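Participant: Please find one structure pasted underneath; my questions will follow.
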Amino acid sequence: MKESFQELYEEYHHDLFSFIFYMVKDKPTTEDLVQEVYIRVLKSFDTFKGQSSRKTWLFSIARHVTIDFFRKQGRRNKQTAQRFDFDEHVNLLKDQSPTPYEIAEKSEEIQLMYQCLDHCTEDQRAVIILRYIQQMSIKETADILSWTTSKVKTTQHRAILSLKEQMLQYKGGHTE
Amino acid sequence: MSKHHNDDDSIKKLLSEMPQIKDDRSFEEYYEQISKEINKNSIQTKKKKGWLLPILTSAAALFLFVIIGLQFINSDETTDGVFQLSEDNENETEDKPTDQGDEDMEMAESNHIDDGDEESSPNIEESEVEEEVEVEKESEQDEANTMNSLDTRVLTEDQANEQDTNYITYTESEPESQFFIPLTYMLPSEEDPHVFFNESEQFVGQIDEFNQQFYQNMTFVGMNHESEPVIQVEEDNFQGAATEMYLFEALRFFETLGYESVELQDQEGESLDLPHAGSIEEYTFKEQKALYKLYQSNTGDSYWGKKYLEQNTTIIDALNELKNEEEFGPIEPPIPGDINFEIIEQGELLEVILESELELGNNLSTQRMIESILLTAKTFGFREVQFLNIEMDSVGPYDLTNPIEVPKYINVR
């Protein structure tokens with residue numbers, strides 16, 4: 001079993017870790033959730049029928065683990081943010097976990113985009129991470145989220161619009 | 001619009017440059033922790049459900065005994081199979097779980113593999129017969145698929161979702177403007193379909209004889225705060241009932257993209273004021289009763305054309321109308337006149353019971369009859385149609401043994 005786990009780990013661990021990290025934006029929490037994903041995976045290994053790919057299966061479990069986490073934390077309401085308020089947002093960020101060095105060493109625009117992700121809904125953020133950060137196809141994303149590809153496309157479109165709006169407001173240095 | 005598009009691209013590019021986040025923990029750390037957790041859960045489960053084990057074991061033994069007994073009553077061949085199965089089960093029960101995390105996980109993997117083995121060891125004779133049947137079925141299906149690939153011009157949402165492609169649907173009309181002709185085009189998945197509302201000239205106008213005025217004098221200007229598309233309309237150009245109808249039909253471009261409504265505004269950003277529809281800020285797409293017949297173009301190609309019906313038309317009247325010739329134009333009735341049917345409405349399922357002296361064949365005519373019924377039923381709010389009393393299991397791509405989903409995309413090119 002260790003070999004199978006190791007195989008899974010080596011193939012998908014970095015993507016899995018990044019997916020969960022961008023969802024929750026906190027490394028210790030990410031480690032806990034990744035561990036929970038692996039536990040669920042190993043417990044249900046014998047029920048995996050191979051109808052989806054292992055990757056889709058793994059990320060689908062990761063998605064559910066993350067949703068459970070948000071529910072437990074009662075953060076769902078915060079995620080469906082109202083209008084963007086940059087000053088408030090900056091203050092909020094100061095209270096949050098530190099920006100990881102992988103982000104901190106990147107350009108200012110990347111750092112800003114990292115912050116703007118907070119103002120997408122959970123669904124939008126999941127689609128954005130899977131589609132653009134993880135470079136998955138629309139079909140893979142739809143399979144992971146158990147959505148139709150139409151819903152993925154619509155959510156993706158709205159997420160891009162939302163991010164564009166946040167970025168413009170930041171660059172303009174004003175709030176709406 | 002190209003600026004919007006470029007903005008989208010720059011956002012996507014930035015996102016693609018977001019770094020992977022590295023994990024500070026090693027594989028061994030995870031493995032150790034996970035083993036502990038699984039082991040802990042396993043012990044707790046055993047403690048909680050310790051009394052269940054003897055009962056379950058007894059029940060399993062009794063069940064096995066009954067199965068084996070029944071098989072002895074049957075043929076020797078099947079008995080051999082059961083003995084094999086019981087041996088497998090005995091082997092499984094010998095793999096007793098231990099308190100070690102490693103072994104718990106090994107058991108999980110072993111169960112997984114055993115499942116696969118059972119599935120992959122069917123009776124050989126049965127397997128050969130099944131193979132022959134499969135070959136026959138595949139041969140029949142190949143013929144049907146060939147017909148499908150040549151002539152099917154409709155797609156359900158599920159079929160469309162199988163491909164990593166966007167679809168956009170423009171509306172034109174035949175020269176008499178009695179039938180609207182929706183025309184669907186495929187886009188690469190990375191293309192934003194919204195912008196093509198303003199770039200209709202890339203697609204519209206490929207069939208010379210069609211009326212192509214639908215997309216003039218209106219512009220997609222973006223999305224509002226409710227994530228609805230916003231369309232700016234030059235209202236001076238929409239001063240008649242027919243042109244208003246063209247406007248609303250053209251807006252269905254966004255309905256096929258999955259939107260339930262669009263915001264309308266004049267060139268000053270105010271609500272739209274039309275002579276017949278009145279003042280209108282938002283247009284919500286509603287299914288309007290219609291029927292679909294085949295338009296034969298000058299080039300010999302056929303297109304599904306949509307004609308709206310009075311709102312008090314019943315579905316059975318609409319289906320019977322599909323048998324009638326039109327007074328004008330090269331419009332073909334898609335159902336032969338000597339085919340009759342009854343219908344049963346069950347919520348979103350329509351059952352069509354065919355009564356025909358004719359023997360229907362697995363051919364293009366029958367496929368088009370089915371498609372015309374599916375398309376027409378859709379406009380009455382049905383989501384599936386089940387064909388009954390038809391002496392075939394399939395026609396073209398359609399499995400007649402089950403309800404068939406109504407199409408979403410029409411005249412796909």
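Participant: Give me the accessible area buried between chains B and A, both sides summed, with a 1.4 Å probe, in Å² rounded to the nearest 100. Mind dumping the intermediate values first?
Facilitator: On the way: alone 25090 and 10470 Å², together 30550 Å².
What B and A bury together is about 5000 Å².
Participant: For segment B:305-413, run through the chymotrypsin sites (Phe, Trp or Tyr not before Pro) and keep only the ones in DSSP coil with at most 12 other Cβ atoms within 10 Å of their Cβ. Intermediate results must be reported in sequence, preceding the final value.
Facilitator: Details: sites: B:Tyr308, B:Phe328, B:Phe341, B:Phe380, B:Phe382, B:Phe387, B:Tyr398, B:Tyr409; in loops: B:Phe328, B:Phe380, B:Phe382.
Here the chymotrypsin sites (Phe, Trp or Tyr not before Pro) that fit, given the DSSP loop and packing criteria, are B:Phe328.
Participant: Sticking with this one: Can you pull the accessible area of B:Glu17 for me, 1.4 Å probe, Å² to the nearest 10?
Facilitator: Number for this one is 80 Å².
Participant: In peptide A:143-156, how many Cβ atoms from other protein chains are near each Cβ within 10 Å, on average? Let's see the in-between values first.
Facilitator: Numbers: counts 0, 0, 0, 0, 1, 5, 10, 9, 2, 2, 6, 4, 1, 2.
Averaged over the peptide's residues, the number is 3.
Participant: Can I ask one more? How much of the accessible area of segment B:308-410, probe 1.4 Å, is carbon plus sulfur, in whole percent? Write down the numbers at each step before the final one.
Facilitator: On the way: 2040 of 4880 Å².
Carbon and sulfur together cover 42 percent of it.
Participant: A follow-up question, please. Which pairs in the list B:Lys293/B:Lys408; A:Lys2/B:Lys22; A:Lys27/A:Lys55; A:Lys55/B:Lys36; A:Lys55/A:Lys164 are over 18 Å apart, alpha-carbon to alpha-carbon?
Facilitator: Values: B:Lys293/B:Lys408 16 Å; A:Lys2/B:Lys22 22 Å; A:Lys27/A:Lys55 22 Å; A:Lys55/B:Lys36 25 Å; A:Lys55/A:Lys164 30 Å.
Going by Cα-Cα distance, A:Lys2/B:Lys22; A:Lys27/A:Lys55; A:Lys55/B:Lys36; A:Lys55/A:Lys164 fall outside the 18 Å limit.
Participant: With a probe of 1.4 Å, find how much accessible area segment B:143-292 has per residue, and write the answer as a whole number in Å².
Facilitator: On the way: 6690 Å² over 150 residues.
I get 45 Å² per residue for this part.
Participant: Cα centroids of segment A:117-142 and segment B:350-413: how far apart, whole angstrom?
Facilitator: 37
Participant: Given axes a ≥ b ≥ c from the Cα gyration tensor, I'd like to know whether segment B:308-410 is rounded (a/c under 1.5), prolate (a/b larger than b/c) or oblate. Present the calculation step by step, with values, prior to reporting the outcome.
Facilitator: Details: a/c = 1.43, a/b = 1.10, b/c = 1.30.
Since a/c stays below 1.5, the shape of segment B:308-410 is classed as rounded.
Participant: Within segment B:243-278, list the GluC sites (Glu not before Pro) lying in a DSSP loop whose Cβ has at most 16 other Cβ atoms in a 10 Å radius. Walk me through the numbers before you get to the answer.
Facilitator: Details: sites: B:Glu244, B:Glu249, B:Glu255, B:Glu260, B:Glu263, B:Glu268, B:Glu270; in loops: B:Glu260, B:Glu268, B:Glu270.
For GluC sites (Glu not before Pro) across segment B:243-278 that sit outside H, G, I, E and B with at most 16 neighbouring Cβ atoms in 10 Å, the list reads B:Glu260, B:Glu268, B:Glu270.
Participant: Related question: Just to verify a number: FRET efficiency for A:Glu105 and A:Ile67, C-beta to C-beta distance, R0 = 45 Å, to 0.05?
Facilitator: Numbers: r = 31 Å, r/R0 = 0.68.
The calculated FRET efficiency here is 0.90.
Participant: Across peptide A:18-29, what mean number of C-beta atoms from other chains lies inside 10 Å of a residue's C-beta? If you can, show how the numbers build up before the last one.
Facilitator: Working: counts 6, 2, 2, 4, 3, 0, 0, 1, 0, 5, 1, 0.
The per-residue average across the peptide is 2.
Participant: Let a ≥ b ≥ c be the square roots of the eigenvalues of the Cα gyration tensor of segment B:156-284; is it rounded (a/c under 1.5), or, if not, prolate (a/b larger than b/c) or oblate? Mind dumping the intermediate values first?
Facilitator: On the way: a/c = 1.95, a/b = 1.23, b/c = 1.59.
Here segment B:156-284 falls in the oblate category.
Participant: Compute the length gained on full extension between A:Thr148 and A:Ser53: take 0.36 nm times their separation in residues and subtract their Cα-Cα distance, giving the result in nm to one decimal.
Facilitator: 32.5 nm
Participant: To the nearest 20 debye, what is the magnitude of the charge dipole of segment B:184-281 about its Cα centre, counting +1 on the Cβ of each Lys and Arg and -1 on the Cβ of each Asp and Glu?
Facilitator: Numbers: 1 positive and 22 negative charges, 54 e Å.
Result for segment B:184-281 is approximately 260 debye, rounded to the nearest 20.
Participant: Here's another thing I want to ask about it. Between B:Ser26 and A:Lys171, what is the spin-label point distance in nm, taking each point 7 Å from the Cα along the Cα→C-beta axis?
Facilitator: 4.5
Participant: Now for a different question. For segment B:227-277, just say rounded, prolate or oblate: build the C-alpha gyration tensor, square-root its eigenvalues into a ≥ b ≥ c, call rounded for a/c under 1.5, and beyond that prolate if a/b exceeds b/c, oblate if not. Before the final figure, lay out each step's value.
Facilitator: Working: a/c = 2.54, a/b = 1.33, b/c = 1.91.
Oblate, because a/c is 1.5 or more while a/b does not exceed b/c.
Participant: Something else now. Can you list the residues of segment B:289-311 with backbone N under 20 Å from a point 7 Å past the Cα of B:Gln213, pointing along Cα to Cβ?
Facilitator: Inside the label zone: B:306-308.
Participant: Further, regarding this structure: Per-residue Cβ counts within 10 Å, from other chains only, averaged over A:33-44: what number is that? Intermediate values should be presented prior to the final figure.
Facilitator: Working: counts 0, 4, 6, 2, 1, 6, 6, 0, 2, 9, 7, 2.
Going residue by residue through A:33-44 and averaging, the value is 4.
Participant: Okay, moving on. Per residue, how many Å² of accessible area does segment B:308-410 show with a 1.4 Å probe?
Facilitator: Value for segment B:308-410: 47 Å² per residue.
Participant: Comparing the chain by itself with all protein chains present, which residues of segment A:103-136 are at least 50 Å² less accessible (probe 1.4 Å)?
Facilitator: Hits at the 50 Å² cut-off: A:Ile110, A:Met113, A:Tyr132, A:Ile133.
Participant: With heavy atoms of protein chains only and a 1.4 Å probe, what residues of segment B:6-20 have at least 20 Å² less accessible area in the full set of chains than alone?
Facilitator: B:Asp7, B:Asp8, B:Ile11, B:Lys12, B:Leu14, B:Leu15, B:Ser16, B:Glu17, B:Met18, B:Pro19, B:Gln20
The values are calculated or read from the model by the stated rules, or taken from the named source; none is laboratory data. Note that this is a predicted model, so its numbers are computed, not measured. Glycine also receives a Cβ, built like all others from the backbone with ideal geometry; neighbour counts cover every protein chain displayed. Please note that ligands, DNA and RNA were not included when accessible areas were found on the heavy atoms of the full protein model with its side chains. Shrake-Rupley method; radii C 1.70, N 1.55, O 1.52, S 1.80 Å.
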